[in-house]
Amino acid sequence: MQLAPTAFLRDWAFGPLAFGMLVGLVMFFAAAGLIMGVRAWAGTEPVAFGPVVLGAYWFGLAGWLLGIGVWSKWAKEWLGLPVDRTMKTGWQRYFDFTTDHKVIGVQYLVTFLSMFLLAGVLAMLMRIEHMSGDQVLFSPAQYNYVMSLHGITMVFVAVAAVIGGFGNYAVPILIGAKDMAYPRLNALSFWLAAAVPVLLAATFFAGGFDAGWTAYAPLSTENSDGQVLFNLAFITLGLSSIAGSINFIVTVIKLRAHGMGFDRLPIFVWAVFAMSLLGFFFTQYIAAAMLMTLLDRVFGMAFFDFTEGGDPLLYQHIFWFYSHPAVYIMGVPGLALALEVISHFSRKPLFAYRWVVGGILGITALSAIVWAHHMFTAGLSTAELFFFITTTEVISIPTGLIFLGALGTIWRGRLWLRTPMLFALAVVFNFLIGGLTGIFLADVFTDIHLQDTFFVVAHFHYTIVGAGIFGLFAGIYYWFPKITGRTYSEHLAQLHFWWTFLSFNLTFLPMFWLGLNGMNRRIAVYPEELEFLNLLVSLGGFSLGASFLVFLYNILKSWIRGPVAEADPWRARTLEWQTSSPPPVENFTEAPRVVSGPYDYGSPSTAHAVFGASTNPDGAG
Amino acid sequence: MAEICHKTSSILTTSSGTTTVIDLTGSEPQAHERKTLLNGRNVVTVFVIWLGLTVLGVFGAYHADIYPIAGNHLASQVDDAFRLLMMLAVPVFTFVVTILVYSMVRFRRKTDADDTPPHTFHSHGGVIWGWLVVTSGLTIAVLIHPGFTGLRELTADRHQDMVVEALAAQWSWNFTFPEHGVKLDKANDLMLPQGTRIRFDVTSRDVVHSLWLPMYRMKIDAVPGRTNHIYLTTGEPISFSEDPNVRVQCAELCGTGHPRMQVRVSIVDQQEFDIWLGGLEPVIVGNE
C-alpha cells in the first residue's frame, strides 16, 4: 500500500497535520476494533476503555507520526524508496515535519507556552475555589481533576519548554553547528510531544483523572479512565525526552565548531548537556512507573497491589527516582539561561565559569541519590532518613556555586537593565527563596510537619516557576529579536516583568505561612481561619494571570509588525548574534572558528569567533 | 594582534590602559584581579548594608510569631528548629539580595556609550574558596543540627503508654484501642488522654493516606500493606473547637473525600477519656 500523501496533501499548509490525524485515527480505530473483536471472541466484554485504549494508542501514535512525515520523509528510505526532500518555507514550516532545529525550537516554544497559559487558566479557577474555605465552584471530583490537570500540564511545560524550545533553537547555533546531530529524530521528538496536549485534552472525555501529577498508586490504578490517557501522555513525553536527550548529547559532543572546546561552551549549553544526561539516564524510570501502573490497572498485574504481594511504596521510589532528577531538568536550564543573560548584560565574563560548570555537574550527579526526600513521611527506616537528609543537604553546595557565578558577574559590571536582564535577576531572587525554603524540607524534623502542605506548594513554585519559567521568559525576551527578526516594545516588556514579578511573590510568599499553619495541599476545603490570607493569594494569582495578557499582546503585535531587529541588538558575543536575525537555514553563511571564550567582555580586540577559512589563529587545519 | 594567545587557558584582557594576560582557570588570579574584585568602598558599603539587614532579619526571625499552636514539647522543638533555620537563612538571603540590589543601583549602565566596565575579572581564588568554605560549613552545621539531632529526637524514645491503631479508608479514619478492646469506626471525634505517650500504628485499607496532627507537627503515611509507627506525647487539654489545628487530617491525596477526611481531636484528662472509651464499640475478635 502506498501511504505517500498526494500532491495536494503535501502542498497544502495543513496537509501533513490533516494526513497525520487521519492516518492516526484510522490506525487507532482499526486496532481498537481488532482488540475488541479478539475480546469478544475470547468471551470477555468487548468494550473496555483501559485494554482497548492501551493497545490501540500505539497504533494511533504510529499512524500520526507516519502520516505527518515520518513515512514520506524518512521511513521510505529504509525500504529503498525515494523520500520527499522538499522543505516548506515561511509559516507553513511550523505545521510540517520540518527538520530545521530553529523551526523545531519555535514549535516547542509555541506549543508549550500555549499549554502554560491554558494551565494558568486552570490555576485561576483553583484560586477562585480557594477564595473560600468551603466548596464554592467545583465538586470535589471536579476540583481534583482541575488541580491534577494544572499540575501535570505545568510539569510538562517545565520539562519541555526551555530545553525543547531554547535547547533546540539555541544550542546548535551557540556551538556553531548547522543543525542538531539527528535532525529527523529531532522532528520526531517534537511531533511525539505534540500528542501530549491532545491526550491531556482527551482526558476530559474520559472522566478526567484525580491523582495529582504524582499519580500515586494504588489511587491511580482504580480511578477514572482519564488516568490511562495521563499515563500514556507521560510515557509519550518520556519517549520524546529520551530521543531529545540523545540528540543534545551527541550534538554537543560531536558538532562543536572548530575551537569550541568544552571550556568555551556557553553555560546554557552546559546546562542542556547535563540535563540531557539526566533525561537520557532517568526518563526510562518514569516510563516504567507509568507502564507498571497501566499493567496493574488493565491486566491486574500486582506491582503496587498489596493484596497480591505488591508494594505501593515501590511506585513512589520508581516515580521519584525519575522525578527528582526531573525537577532539575525543569529548573537548571532556566538558571543557566539567567546566567547567560547576566553575563551579556553585565558586560563582564561569567564569574568562576569552571566552578559554575562544576556546580551544574555536581547537581546532576547528586540529583540521582536524593529521591526519597519526597518520602520522608512514607515510613522509611532511620538509616534511609539519615542517608537522604545528608545527600539532600549537600546538594546546596553545588547549587551555591551557581549563585556565586551570578553575584560575581554582576559585581562591578555595567548592568544593562533591559527586560531579559530583569527576568534573569529575578531568577536569582526567586531561586534564592526556593533554595532556602528547600532546606526546611530537606530536614526531616521540620519536613514531617511541612510535607504535603502549601509550604511545599510555595517552595516548588519558587524553584520551578521562579527559576525555570522566569528563565524561560528571560530567554523569550533575550532571543525574540533573533528568532523573529523583530523588536518588541521595551516599555510593555518591563511592565510585564514588574507586574509578573510582584504578583508572583504576592501569590506564593503567603503560601509558606499557610502551609506552616495547617493548610494541606490538593484540597478545596480548609479551615476558615486561613480564608483571609487565601483571599490575598487569590488576588495575587489573578494579577499574575492578568500580567500575561501584556506579554501576549506585546509578543504577538511585535512578531507581526515590530520594528526590524539588527543581527546583534544586545552587542553580545556568543555565536547566535554573529549571524543574521533570524539566522539562515543552517545558521551561518561561513563556518565559525571559535577563538576565545563566550563571555570575554572587556577585551575588545578579541572576538568569540571569526568566520571564513582565511583567518586561522591556531595555525592548524 | 601578537598578544592574542592561542591556548584556551589564557585570555587577553584590557584594563585601565594596560594589557595583561591572565589565567582562565581561576587558580592563580593576578594581583590586579584580586584588587578589582574586592575594591574597598563598594565592599565596605555592601558589608554595612548586609550587616544591618542581617541584624534586623535575624531579630525578626527570632521573634516572628508565625507558628500554629504547639501541642507538646516536641512541637515546640520543631518550631525551634524552624526558627533556627530561618535565622541561618537570613544572612544568606540578605547577602544575595544586598549584592543584587546594590549592583542594580550602583553598577547600572547610565548611558549607551557606557558599555564596558572599568575592570573585568574572570575569577578569584580567595572568594571562591571562601564561598565554598562558608556554604559547606553552613550545610554541615544544619545537617548536624537540626538535621541529625532532630532525627534522633524523633526516633530515640521507643516506649509508649498506650497504642492506637489508625486504619485509613476512603474517606474516613478508623481507630482501635487494642489494650482496651474498643474501636471507633468512621470517626468524627477522637479523644486522647493528656500527658500520655501514644504509639500510632497506621495503615490503610485501600490507597495511600497520611495521618497528620498539625498541632504535634507529626505526620505519617498510611500505606496499604504496611504498618507505620509514630510516637507522640500528648500535652495539655485542648480541643478542635479552640483551634482547628487540633485535628487529624489526611495529608495525602486519596480521592474526592480527601479534604474532608479529618477528625476533630480533644485532649482530655484521664477520667474523661475513660468515660469516652467506655462508650465505644467493643472489638469482636475474628471480625476485623
Compactness check, the range A:214-320: C-alpha Rg relative to the 2.2 N^0.38 Å globular estimate gives 1.41
Sorted on mean Cβ neighbours within 10 Å (highest first), peptides B:201-208, A:145-152 come out as A:145-152, B:201-208
To the nearest 20 debye, the protein assembly as shown has a Cα-centred charge dipole, built from +1 on Lys and Arg Cβ and -1 on Asp and Glu Cβ, of 3620
Placing each pseudo-label 7 Å from Cα in the direction of the beta carbon, A:A202 and A:E531 end up separated by a distance in nanometres of 4.3
Non-local residues with an amide H under 5 Å from the amide H of B:I198, with H modelled 1.01 Å from N and Pro and chain starts lacking one, are B:D161, B:L232, B:T233, B:T234
Once both label points are put 7 Å beyond Cα along the C-beta direction, the B:D65-B:T155 separation in nm becomes 3.7
Here the whole-number average of other chain Cβ atoms within 10 Å per Cβ of B:102-115 is 4
Taking only the alpha-carbon atoms of the range A:341-459, the convex hull volume per residue, in cubic angstrom, is 97
Computed over the range A:499-566, the Cα gyration tensor eigenvalues, each multiplied by 5 and square-rooted, give semi-axes in Å (largest first) of 36, 10, 9
For the range A:102-561, the charge dipole (Cβ of Lys, Arg +1; Cβ of Asp, Glu -1; about the Cα centre) points to a positive end, and the Cα of A:T377, A:G309, A:S503 closest to that extreme belongs to A:S503
Semi-axes of the range B:162-282 from the Cα gyration tensor (sqrt of 5 times each eigenvalue, largest first, whole Å) come to 21, 16, 13
Sparse-neighbourhood loop hits (trypsin sites (Lys or Arg not before Pro), the range A:46-126; DSSP loop; Cβ within 10 Å at most 12 others) -> A:R85
Given the candidates A:I253, A:L192, A:L237, the one whose Cα lies deepest towards the positive end of the charge dipole of the range A:149-257, counting +1 at each Lys or Arg C-beta and -1 at each Asp or Glu C-beta, is A:I253
Along the range B:180-189, Karplus-curve 3J(HN,Hα) (6.51, -1.76, 1.60; θ = phi - 60°) to the nearest Hz, with x for Gly and Pro, reads 9, x, 10, 9, 9, 8, 6, 5, 9, 10
Computed for the range A:231-323: size of charge dipole around the Cα centre, +1 on C-beta of each Lys and Arg, -1 on C-beta of each Asp and Glu, debye to nearest 20, value 580
Taking Lys and Arg as +1 and Asp and Glu as -1, residues besides A:S538 with C-beta under 12 Å from its C-beta add up to -1
A correct fewest-to-most ranking of A:E576, A:E340 by other Cβ atoms within 10 Å would be A:E576, A:E340
Once normalised by the length of chain A, the mean sequence separation of its alpha carbon contacts under 8 Å that are 6 or more apart gives a contact order in percent of 14
Zone reached by a paramagnetic label modelled 7 Å from B:Q271 Cα along Cα→Cβ, restricted to the range B:162-196 with backbone N below 15 Å, covers B:194
The answer for trypsin sites (Lys or Arg not before Pro) in the range B:167-200 that fall in a DSSP coil and have at most 16 neighbouring Cβ atoms within 10 Å is B:K186
Once normalised by the length of the range A:7-79, the mean sequence separation of its alpha carbon contacts under 8 Å that are 6 or more apart gives a contact order in percent of 43
The range A:265-356, Kirkwood Rh and Cα Rg, ratio Rg/Rh at 1.25
Counting all Cα-Cα pairs in the protein assembly as shown, those more than 56 Å apart amount in percent to 14
If unit charges are put on Cβ atoms (+1 for Lys and Arg, -1 for Asp and Glu) and the dipole of chain B is taken about its Cα centre, the option from B:L88, B:V268, B:P118 lying farthest towards the positive end turns out to be B:P118
Expressed in angstrom and ordered largest first, the alpha-carbon extents of chain B along the principal axes are 95, 40, 38
Quick calc, the range B:196-286, dipole around Cα centre from Cβ unit charges on Lys, Arg (+) and Asp, Glu (-), nearest 20 debye, gives 360
Karplus-derived 3J(HN,Hα) from phi for the range A:498-506 (6.51 cos²θ - 1.76 cosθ + 1.60, θ = phi - 60°), whole Hz, x at Gly and Pro, runs 5, 4, 5, 4, 5, 5, 4, 5, 5
CD proxy, 222 nm, chain A: helix-only mean residue ellipticity via -39,500 (n - 2.57) per DSSP H run with n ≥ 4, per residue, nearest 500, stands at -20500 deg cm²/dmol
FRET efficiency for A:L81 and A:K254 from the Cβ-Cβ distance with R0 = 22 Å, rounded to 0.05, comes out at 0.15
With the convex hull built on the alpha-carbon atoms of the range B:91-203, volume per residue in Å³ sits at 252
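Any read-out appearing in this document is the output of simple, stated calculations on the displayed coordinates, not a laboratory observation. What you see is a predicted model; the values in this text were computed from it and never measured. Because the Cβ atoms are built from the backbone with ideal geometry, glycine has one as well, and the counts that use them run over all protein chains shown.
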